[in-house]
1. Please go through the stretch 1-18 and give me each residue that is modelled with pLDDT under 85, buried (at least 16 other Cβ atoms within 10 Å of the Cβ) and in a strand (DSSP E or B), ordered by number.
2. Among the residues of the stretch 37-67, write down those that are at pLDDT below 95, open to solvent by 40 Å² or more (accessible area, probe 1.4 Å), closer than 25 Å to residue 156 by Cβ and in a strand (DSSP E or B).
3. Looking at (1) β-branched (Val, Ile, Thr); (2) open to solvent by less than 50 Å² (accessible area, probe 1.4 Å); (3) assigned to a loop (DSSP other than H, G, I, E, B), which is the one condition that is false for residue 184?
4. Are any residues in the stretch 19-36 of a type outside the set (A, V, I, L, M) and assigned to a strand (DSSP E or B), and if so, which ones?
5. For residue 170, indicate whether it is more than 16 Å from residue 66 (Cβ to Cβ), of a type in the set (D, E, K, R), touching a residue at least 40 places away in the same chain (Cβ under 8 Å) and surrounded by fewer than 16 Cβ atoms within 10 Å (Cβ to Cβ).
6. Quick check, is residue 73 within 16 Å of residue 27 (Cβ to Cβ) and surrounded by fewer than 21 Cβ atoms within 10 Å (Cβ to Cβ)?
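The values are calculated or read from the model by the stated rules, or taken from the named source; none is laboratory data. Everything quoted here is computed from the prediction, not taken from an experiment. Please note: Cβ atoms are built from the backbone with ideal geometry, for glycine as well, and neighbour counts cover all protein chains shown. Only protein heavy atoms, including side chains, enter the accessible area calculation; ligands, DNA and RNA are left aside. Shrake-Rupley method; radii C 1.70, N 1.55, O 1.52, S 1.80 Å.
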Amino acid sequence: MSNCFADNRGTISQNGNVMRVDNALVEEVTDSGRGSGSILISYAIRGARCLTSIEVLQLNVSGNTRITNPSGRPMRLRDIRKGMWIDALFSPVMTRSLPPQSKAFFIMVRRQVHERVDVTTDRIASVDFRNGFLYTGSPNNLNRQMRFVITDHTVILDRNGNHIGLRSLRPGQRVRITHANFQTASIPPQTTAFLVQVL
């Protein structure tokens with residue numbers, strides 16, 4: 001255990017049916033081929049009296065796991081190395097093994113420690129299937145909307161954490177969207193969605 005300000009590792013939080021860790025340290029990478037394998041990460045648990053304990057978790061990677069850089073460009077599991085910092089979204093279902101294991105949905109490899117993804121929770125205003133856009137906010141007011149770009153690498157999950165397509169989303173549904181922490185100055189503002197979770 002150490003002083004809580006002495007370590008840069010982030011903590012785990014739960015967003016609906018998805019667990020999230022920001023700023024986890026990669027301890028080990030196992031590449032089994034064809035995009036599958038695992039990443040052993042370490043993260044912090046903040047305790048009383050400004051103490052931090054470090055725990056480890058194995059994230060199991062499959063062909064369904066999306067791995068990107070902070071700009072949303074795809075990366076491969078073999079591009080991840082020990083000592084890198086990542087943000088990850090993963091299943092709340094974990095094994096009781098040591099270390100515990102969980103299925104990874106999305107991994108973003110950070111360029112710098114301070115870079116973050118943002119999370120927006122809102123109702124779907126409309127879906128543009130042809131152009132791959134998801135709009136949230138007020139259906140009749142562009143000034144109160146946000147446009148999310150849905151790419152081939154965007155993970156879309158239903159309430160139970162199952163993968164679904166963009167065509168399964170409907171106006172009025174409440175969603176939690178993990179997205180890039182930058183947006184255009186357009187009306188409505190636009191950013192790239194990494195994960196869409198139906199609530």
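1. Within the stretch 1-18, 15 is the sole residue that qualifies.
2. The answer is 66, and nothing else.
3. (2)
4. 20, 22, 23, 27, 28, 30, 31, 32, 33, 36
5. Considered against the rule, which asks whether it is more than 16 Å from residue 66 (Cβ to Cβ), of a type in the set (D, E, K, R), touching a residue at least 40 places away in the same chain (Cβ under 8 Å) and surrounded by fewer than 16 Cβ atoms within 10 Å (Cβ to Cβ), residue 170 comes out as yes.
6. Values: within 16 Å of residue 27 (Cβ to Cβ): no; surrounded by fewer than 21 Cβ atoms within 10 Å (Cβ to Cβ): yes.
For residue 73, the condition - within 16 Å of residue 27 (Cβ to Cβ) and surrounded by fewer than 21 Cβ atoms within 10 Å (Cβ to Cβ) - is not met.
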